């Protein structure tokens, strides 16, 4: 059996997240990928994703792996798969992986981006890919506050109630806020993320950008481990899984 | 009666163009704007647009005008209208215009942008806003060929069969090709455009980028006035009306 590692991009707007749901009427990315692979190979293929993105969340660099007996060369796999995938999911590259490679367990680092559209009127072009924020934000303060996230911390304060991870200690390698016209991107790169962590961190940074919280309070929130001190969970459509490293 | 001039942005994907259709089942931008204005003011308002964008074509800076007896201050008109518009149409600003201002007849200059996504695999995020071109393009040659379009010319070679304009002479102020990663933007700014002119010019530039036509042939095509010598009409979703000047 070959073990194929593939990078996929998707617009999560029309999907109930990556992971297959018990309710077959809820379309998911995993299901769409498995259906396309079945069409292509005739095999019942089970796909493993590096990260289980939620409903409405996007990916530019989700990584999956799956086992197949198909003899399609990796060089042709991408184009062949794209010809049977819906247009909001695209395979970007495929390589032959070691037999025991596992897209989720082998992941060493993930990068997420949360995008805010900050203007007085919303944008029709970014509405599916950003959170519209009509009030003025102090991006410098957001940037300073984000820098306190870098390093090894207990991120309990940014963990949603439903999180099942055993430990809430993670190492943040990068936490940056970049402005590009009306767009404000929050980039977070870590060895792992707790449930809703990026969305709660972004909600906290928004409170800081608005002046509802002071820059220095970010340190206290991290130290407290108290979810009630952090900001709100921002909606899913601004979130994008950018990259997974192994 | 007040005459309101407004800038609107829209994602044309779900619409059969700007202009109201005889068939009421085909949704149009004009109809959606008139419906929202009726909701807001209680009046039967007729909207005039600067340019009649085709089905699937977008706008970042379409300009409209309409007459109203409403006393809503211009400063509040935008937010009020956005609260009743569908999310793929956004009012960006509103000003009081002279009584005889006409969004179409008073327009002096329009800028259109055609966007090409040039990579080996398509992008899910730009699929609604660009033409996917998987083959290598010589952007330098496209840029050189575009420069021949600047000035006053008879643009008959880039005019679709259905065009009803009396004269095909237009003045092109700007014709540039800009590259931004995988995106290639064709910017055209002129005192007016013939039917499908931007899409036929872009199709011709694509032939030049591919090497199907030589750079110098652009001059001959312009001079010939012969539609059959120019390139194909590229599809609508890459086209966006960027700006109208008065």
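Here are the numbers:
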{"item": "Flag for residue B:157 being assigned to a helix (DSSP H, G or I), outside the structural domain of residue B:17 (by TED's automatic domain parsing), in contact (Cβ under 8 Å) with a residue 60 or more places away in the chain and out of contact with any strand residue (DSSP E or B) (no Cβ under 8 Å at 6 or more places or on another chain)", "result": "yes"}
{"item": "So residue B:37, is it buried (at least 21 other Cβ atoms within 10 Å of the Cβ), within 25 Å of residue B:245 (Cβ to Cβ) and more than 20 Å from the chain's Cα centre (by Cα)", "result": "yes"}
{"item": "Members of region A:47-59 that are out of contact with any helix residue (DSSP H, G or I) (no Cβ under 8 Å at 6 or more places or on another chain) and either free of Cβ contacts under 8 Å to residues at least 40 places away in the same chain or more than 24 Å from residue B:127 (Cβ to Cβ) (or both)", "result": "A:48, A:52"}
{"item": "Counted residues, region A:49-77 - those being under 21 Å from residue B:130 (Cα atoms) and surrounded by fewer than 20 Cβ atoms within 10 Å (Cβ to Cβ)", "result": "2"}
{"item": "Tally of residues being within 14 Å of chain A (Cβ to nearest Cβ), over 21 Å from the mean Cα position of the chain (by Cα) and touching a residue at least 24 places away in the same chain (Cβ under 8 Å) across region B:123-153", "result": "2"}
{"item": "Candidates A:87, A:44, filtered to the one that is free of Cβ contacts under 8 Å to residues at least 24 places away in the same chain, farther than 28 Å from residue A:130 by Cα and surrounded by fewer than 23 Cβ atoms within 10 Å (Cβ to Cβ)", "result": "A:44"}
{"item": "Any hit, region A:37-55, residues being assigned to a loop (DSSP other than H, G, I, E, B), modelled with pLDDT under 95 and within 14 Å of chain B (Cβ to nearest Cβ)", "result": "yes"}
{"item": "Selection status of residue A:59, within 21 Å of the chain's Cα centre (by Cα) and more than 12 Å from every other protein chain (Cβ to nearest Cβ)", "result": "no"}
{"item": "Any hit, region A:19-27, residues being in contact with a helix residue (DSSP H, G or I) (Cβ under 6 Å, 6 or more places away or on another chain) and farther than 23 Å from residue A:107 by Cβ", "result": "no"}
{"item": "Scope region B:70-83; condition part of a loop (DSSP other than H, G, I, E, B) and within 14 Å of chain A (Cβ to nearest Cβ); matching residues", "result": "B:83"}
{"item": "Qualifying positions in region B:1-34 - touching a residue at least 60 places away in the same chain (Cβ under 8 Å), assigned to a helix (DSSP H, G or I) and crowded, with 20+ Cβ neighbours inside 10 Å", "result": "B:12, B:29"}
{"item": "Residues (part of a loop (DSSP other than H, G, I, E, B) and more than 11 Å from chain B (Cβ to nearest Cβ)) located in region A:84-122", "result": "A:84, A:98, A:99, A:100, A:101, A:102, A:103, A:104, A:105, A:106, A:107, A:108"}
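Condition check ((1) farther than 21 Å from residue A:53 by Cβ; (2) not in a loop (DSSP other than H, G, I, E, B)) across all residues:
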residue	(1), (2)
A:164	no, no
A:174	no, yes
A:186	no, yes
A:202	no, yes
A:219	yes, yes
A:232	no, no
A:237	no, yes
A:244	no, yes
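The values are calculated or read from the model by the stated rules, or taken from the named source; none is laboratory data. Given the structure is predicted, the values throughout are model-derived calculations rather than measurements. Positions of Cβ are generated from backbone atoms using ideal geometry, with glycine treated the same way; all protein chains shown enter the neighbour counts.
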